[in-house]
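Trainee: First the structure, then my questions, so here it is.
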Amino acid sequence: MPNVKVLAQRQEQRGSRFTGGHSLCSGCAEPMIVRTVLNAIEDPVVVANATGCLEVASSRYPTSAWNVPWIHSAFENAAATIAGVEAAYRALSRKGKITKRIRFVAFAGDGGTYDIGLQALSGALERGHDFLYIVLNNEAYMNTGVQRSSATPRGANATTSPAGSVIPGKPQDRKDLTEIVVAHRVPYVAQASVSNLIDLANKVERAMKYEGPKLINVYSTCPLGWRTPWDSAVRIAKLAVDTCYWPLYEVEEGVYRVTYKPKEKLPIEEWLKPQGRFRHLFKSEKGKAIIRELQEAVDRHWEELLMKERCTQGKA
Amino acid sequence: MAVELKSWKELPIGGVIPGGATPELNKTGSWRAQRPIWDSDKCIHCLQCWLHCPDDSILIRDQKVTGVDYDHCKGCGVCAAVCPVDAIEMVPERGGAG
Amino acid sequence: MKKVMTGHKAVAEAMRQIEPDVVAVYPITPQSEIAEYYAQYVADGLVRTELVPVESEHSAMSACVGAAAAGARVITATASQGLALMVEILYIAASMRLPIVMALANRALSGPINIHCDHSDAYLARDSGAVQIFAESAQEAYDYMVMAQRIAEHKDVRLPVIVNLDGFTLTHSSQVVETLPDERVKEFVGEYEPLYPLLDVDNPSTWGPFAMPDYYFELKRAQQAGMEAVPEVFLSVQEEYSRLSGRPYKGFFEAYKLDDAERVIVVMGSTAGTAKVVVDELRARGERVGLLKVWLWRPFPRAEVAEALSGAKAVAIMDRALSFGNMGALYLDITSAFAGREGPTFVNYIYGLGGRDVPAEHIAQVFEGLEDAVTGELRYLGLRE
């Protein structure tokens, strides 16, 4: 299992696969995740990137932050694009034109995955291409200005689900993308967080043992969109994990394993309070009701997850 | 950042940027409002700052911290926030990059 | 070897002989049989192609982009709504200068939904940056599929190429097609040489970057250079292919009895076949009529078409699609080539929408109608008033 020294050693040996000199916001969680994922993979990789903050900020012509082959095509097609790259790899390997083992990674945000890219993702999962799909989940369309996505939590103030005097933020619950992917019965699915990067690195390593589609949904703080301090990426994500709002778990060949169980499960308020996007919830009765509902949902989903873990034990 | 803009005839085909990363072309250190000061005496080389740095600006050699790449560090302060021994202090930035 | 086959089969045969590395395709009437034939070739081990049976045309073109950028030779096929779904990514493929070859089984765009032929799908992709060629027959569809590969992959072009063949009229009807021996086609298309392939992991390239106002314009101008290179490449590929096949392909269009023609029809696709019959009949009666059948539509060979039509008195330009709010696209292509100089009278005919039949009598009416034509007139052929 890769620890931080192994990751550092790898980066020292082969150079950084994702360098400084990108224009992501100061304190953005995405580059932490990207560099960790790429350092955790031993083989050469090709990366496909959906339109989004990461893509825009890392490829402003004629500059690039990528020391691995990288392609961006559009918003909704990262999975289909990497599927094409992988198909080319299979074809050219069969013809003896490629002899190296190369692995394939797609990066996309929650908008590019939960919403507009869901169909392409589902198709690529079903067809069984060998790729790792990393969701950089910051729970809204950050690149276009913090509009709500289907990953945005209930009650959050986003620019297209604003907190108003009548409607206190997004009325709908978030979608459970991770479980949608589990339902595709691919070999490896996990949730990870920028607050637990070594856990993420370990998950990447376990995922890459499998040939076939793998997905890791990574919780990625957006200080700008969540209205938290610039240095808060790790701390806020840690609260999402410790409140069990964002459980860290993996589903390996159908077997659930919760990779981190907080010693003390914190109340949801601990995670909500430091974020500007939830501030209004504490100021009205409607908002407080939403907080209670969020807590109930977290409790229910956490219990379900533990139950799934128990139910699938011994299946392996 | 004075970069010479090229004519259309000089551009590689298809908008491709050959040759990998170009950190030298985008020195984001100029964004910085506060500067991390690393204290080598306090540092235990746990590499948490290196692991979390969004701008890959914690310099390391043989898995030990050697300093900060001020050409690219944007001064977010995540390194200081994750340091378990307070070996990085954020101080107000006075000069420009470098 | 001469065989009776459908347009589908002719295209699929060309694809089998080219044997691309990757085919990403999604079913849609009237294209599906191309995908079906090819899937069977893969299933029977006749080709070593990686078939990507995608979940939409959008993903078909996206997978083609990924595969082509990775370094593979790539072919796809679609029609109508499928192209509409693809078109976002087709623009991107052209901007990346990816030589993706596509057979387009021309079908009317919705709505109302209709599965039959017109050219509204091709017109939708008019400004996409893809080269567009129109075939008159299954034979031409076969020949241009083979030639398209060379045009697309030429180092100065490097652009997607669409080979248009009329849905049903060509795709589903059986015609005599002469195919080349497999090895001749393989030699003709040669080995694909990718540029900056993603799979060259030792030399990483960044594909599809974000361009600000400081570079977007230059990148688009550089893309236009690919289009500018097409005419010369098109002619040289035609010449080489004509030698190989014994079928004379020469020029951006076929000039049928055009030399001394006073009244001329300009048309693209299978309707040219009907028009030739009518031209022959009228010629037999001593009428000086002719036909210009466009092969290469994008880039449009303005100067050559203008030259070929300059001796005519009246020209009917036939568009098998409406460009709502203006004259047909082909009409504008041709008449703009005459801007500022004397030319024939030009009338625009919109015809055959949604598979409306175009019998010989209608074509004869068009020639008749040229007697009293006024430039700038928009007429509808075969429409109930």
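The values are calculated or read from the model by the stated rules, or taken from the named source; none is laboratory data. Remember, it's a predicted structure, so these values are computed and weren't measured experimentally. So basically every Cβ, Gly included, is an ideal-geometry build from the backbone, and we count neighbours across all protein chains shown. These accessible areas exclude ligands, DNA and RNA; they are computed on the full protein's heavy atoms, side chains included. Shrake-Rupley method; radii C 1.70, N 1.55, O 1.52, S 1.80 Å.
Trainee: Mind giving me the FRET efficiency for C:ASP372 and B:LEU59? R0 is 60 Å, r the Cβ-Cβ distance, nearest 0.05 is fine.
Mentor: Calculated transfer efficiency: 0.10.
Trainee: How high is the relative contact order of chain C, in percent, with contacts defined as C-alpha pairs under 8 Å that are six or more residues apart?
Mentor: 16
Trainee: Right, another one. Compute the acute angle (0 to 90°) between the alpha-carbon long axis of helix A:30-40 and the principal axis of greatest extent of the alpha-carbon atoms of chain A; round to the nearest 10°.
Mentor: 40
Trainee: Another question about this same structure. In nm, give the distance between the simple-model label positions of A:GLU270 and C:GLU304, each being 7 Å from the Cα along the Cα-to-Cβ direction.
Mentor: Once both label points are built, they end up 7.4 nm from each other.
Trainee: If you don't mind, another one. Roughly how tilted is helix C:216-245, in degrees to the nearest 10 and between 0 and 90, from the longest Cα axis of chain C?
Mentor: 80
Trainee: Which cysteines in chain B lack any other cysteine whose Cβ sits under 4.7 Å from their own Cβ?
Mentor: B:CYS43, B:CYS46, B:CYS53, B:CYS73, B:CYS76, B:CYS83
Trainee: Could I ask something else about it? So what is the relative contact order for the range C:254-381, in percent, with contacts set as C-alpha pairs under 8 Å and at least six apart?
Mentor: In percent, rounded to a whole number, it is 28.
Trainee: Still on this structure: Net charge around A:GLY225, counting only other residues with Cβ within less than 9 Å of its Cβ (Lys, Arg = +1; Asp, Glu = -1)? Walk me through the numbers on the way to the answer.
Mentor: Numbers: positive: A:ARG227, A:ARG277; negative: A:GLU139.
In short, +1.
Trainee: Near C:GLY82, within a Cβ-to-Cβ distance under 13 Å, what is the net charge of the other residues, with Lys and Arg +1 and Asp and Glu -1?
Mentor: Result for the neighbourhood of C:GLY82: -3.
Trainee: Which pairs break 23 Å Cα to Cα here: A:LYS5/A:LYS265; C:LYS250/C:LYS276; A:LYS238/A:LYS263?
Mentor: Pairs exceeding 23 Å: A:LYS5/A:LYS265.
Trainee: Please list, in chain and number order, the residues 5+ apart from C:ALA321 or on another chain whose amide H is under 5 Å from its amide H, with Hs placed from the backbone.
Mentor: C:HIS119, C:TYR351
Trainee: Counting only other chains, and only Cβ atoms inside 10 Å, what mean value do you get across the residues of A:91-99?
Mentor: Per residue, the average neighbour count from other chains is 6.
Trainee: State log₁₀ I(q)/I(0) for the range A:4-312 at q = 0.09, 0.11, 0.13 Å⁻¹ as given by the Debye formula over alpha-carbon point scatterers of equal weight, solvent excluded.
Mentor: -0.43, -0.64, -0.90
Trainee: For the range C:43-105, treating each Cα as an identical point scatterer without solvent, what Debye log10 I(q)/I(0) comes out at q = 0.15, 0.22, 0.23 1/Å?
Mentor: Evaluating at q = 0.15, 0.22, 0.23 Å⁻¹ gives log10 I(q)/I(0) of -0.43, -0.89, -0.96.
Trainee: Return the calculated 222 nm mean residue ellipticity for the protein assembly as shown, to the nearest 500 deg cm²/dmol, obtained by summing -39500 (n - 2.57) across DSSP H runs with n ≥ 4 and dividing by the residue count.
Mentor: Theoretical 222 nm ellipticity from helices: -11000 deg cm²/dmol.
Trainee: Can you list the residues, at least 5 places off or on another chain, whose amide H is less than 5 Å from the amide H of C:SER270, using H built in the peptide plane?
Mentor: Under 5 Å from the amide H of C:SER270: C:ASP166.
Trainee: Relative to the compact globular guide of 2.2 N^0.38 Å, what is the alpha carbon radius of gyration of the range C:278-331, as a ratio?
Mentor: 1.33
Trainee: Could you work out, residue by residue across A:223-236, how many beta carbons of other chains sit within 10 Å of that residue's beta carbon, and then give the average as an integer?
Mentor: Per-residue shielding by partner chains comes out at 3.
Trainee: Here is a follow-up. Which value, in Å³ per residue, describes the convex hull spanned by the Cα atoms of chain C? Before the final figure, lay out each step's value.
Mentor: Numbers: hull volume 55.9 nm³, N = 385.
Per-residue hull volume (Cα only) is 145 Å³.
Trainee: Less than 19 Å from a label point 7 Å out along the Cα-to-Cβ axis of C:GLU193: which backbone N atoms in the range C:61-77 qualify, by residue?
Mentor: Those under the cut-off are C:68-74.
Trainee: Under a crude label model (7 Å from the Cα following the beta-carbon direction), how far is B:GLU24 from B:THR66 in nanometres?
Mentor: 1.8
Trainee: For the range B:45-88, what are Rg and Dmax over the alpha carbons, in angstrom?
Mentor: Radius of gyration, then largest Cα-Cα span, for the range B:45-88: 9.3, 25 Å.
Trainee: So what's chain B giving for Cα Rg divided by 2.2 N^0.38 Å, two decimals?
Mentor: Normalised Cα radius of gyration, chain B: 1.33.
Trainee: Something else about it: Percentage of Cα-Cα pair distances in the range C:254-381 greater than 16 Å, rounded to whole percent?
Mentor: Roughly 57 percent, once rounded to a whole number.
Trainee: If you don't mind, there's one more thing I want to ask. Please give the peptides C:35-41, B:42-48, C:335-341 ranked by average Cβ packing (other Cβ atoms within 10 Å per residue), highest first, as a rough proxy for protection.
Mentor: So the peptides C:35-41, B:42-48, C:335-341, ranked by packing, come out C:35-41, B:42-48, C:335-341.
Trainee: FRET efficiency for C:LEU235 and A:ARG185, Cβ-Cβ distance as r, R0 = 56 Å, nearest 0.05?
Mentor: In this case the efficiency is close to 0.55.
Trainee: Going by a ≥ b ≥ c, the root eigenvalues of the Cα gyration tensor, does the range A:233-316 fall in the rounded group (a/c under 1.5), the prolate group (a/b larger than b/c) or the oblate group?
Mentor: prolate
Trainee: Rounded to the nearest 100 Å², what's the accessible area chains C and A bury against each other, both chains counted, probe 1.4 Å?
Mentor: 3400
Trainee: Return the average number of partner chain Cβ atoms within 10 angstrom of each residue Cβ along peptide B:60-66.
Mentor: Averaged over the peptide's residues, the number is 3.
Trainee: Ranked from highest to lowest mean number of other Cβ atoms within 10 Å per residue, what is the order of the peptides B:50-63, C:15-28, C:137-150, C:271-284?
Mentor: Result, highest mean first: C:137-150, C:15-28, B:50-63, C:271-284.
Trainee: Can you pull out the buried accessible area for chains C and B, both sides counted, probe 1.4 Å, rounded to the nearest 100 Å²? Can you show the working numbers first?
Mentor: On the way: alone 16450 and 7080 Å², together 22090 Å².
Interface between C and B: roughly 1400 Å².
Trainee: Taking the alpha-carbon centroid of each part, what is the distance from the range C:246-296 to the range B:1-61 in angstrom?
Mentor: 63
Trainee: Just the number, please: buried accessible area between B and A, total of both chains, 1.4 angstrom probe, nearest 100 square angstrom.
Mentor: 2900
Trainee: Could you compute the net charge surrounding C:GLY355? Neighbours are other residues with a C-beta less than 9 Å from the C-beta of C:GLY355; K and R count +1, D and E count -1.
Mentor: Neighbour charge sum, excluding C:GLY355 itself: 0.
Trainee: Skip the ligands, DNA and RNA, and give the accessible area per residue of the protein assembly as shown with a 1.4 Å probe, whole Å².
Mentor: Details: 29970 Å² over 799 residues.
Per residue, the protein assembly as shown has an accessible area of 38 Å².
Trainee: What Kirkwood radius, in Å to one decimal, follows from the Cα pairs of the protein assembly as shown?
Mentor: 28.7
Trainee: In whole percent, and with a 1.4 Å probe on the protein chains, what portion of the accessible area of chain C is carbon and sulfur? The partial results should precede the final answer.
Mentor: On the way: 7330 of 14140 Å².
Of all accessible area on chain C, carbon and sulfur atoms account for 52 percent.
Trainee: On C-alpha positions alone, give me the angle between the axis of helix A:197-207 and the longest principal axis of chain A, in degrees, nearest 10.
Mentor: Roughly 50 degrees, rounded to the nearest 10.
Trainee: Separate question: Compute, for C:LEU195, the solvent-accessible surface of its heavy atoms (probe 1.4 Å) with the complete set of protein chains present, and express it in square angstrom to the nearest 10.
Mentor: 70
Trainee: So what's the gap between the Cα centers of the range C:89-161 and the range C:360-385, to the nearest angstrom?
Mentor: What the calculation gives is 28 Å, centre to centre.
Trainee: For the pair C:ARG341/C:GLU178, report the inter-label distance in nm, with labels modelled 7 Å from Cα in the Cβ direction.
Mentor: Simple spin-label model gives 3.7 nm for this pair.
Trainee: Ok, one more. Could you order the peptides C:167-173, C:223-229, A:29-35, C:201-207 from most to least packed, using the average number of other C-beta atoms within 10 Å per residue?
Mentor: Those peptides, ordered most packed to least, come out A:29-35, C:167-173, C:201-207, C:223-229.
Trainee: Under 18 Å from the 7 Å Cα→Cβ point of C:ILE113, by amide nitrogen: which residues of the range C:23-43?
Mentor: The answer is C:26-33.
Trainee: How high is the relative contact order of the range A:205-316, in percent, with contacts defined as C-alpha pairs under 8 Å that are six or more residues apart?
Mentor: It comes to 24 percent, rounded to a whole number.
Trainee: Out of all DSSP beta bridges with both ends in the protein assembly as shown, state the antiparallel percent to the nearest 5.
Mentor: 35
Trainee: How much FRET efficiency would the formula 1/(1 + (r/R0)^6) give for A:GLN147 and A:TYR260, where r is the Cβ-Cβ distance and R0 is 41 Å, rounded to 0.05?
Mentor: Calculated value: 0.85.
Trainee: To the nearest Å, what is the center-to-center distance of the range C:299-349 and the range C:1-61, using C-alpha atoms only?
Mentor: Cα centres, the range C:299-349 to the range C:1-61: 35 Å.
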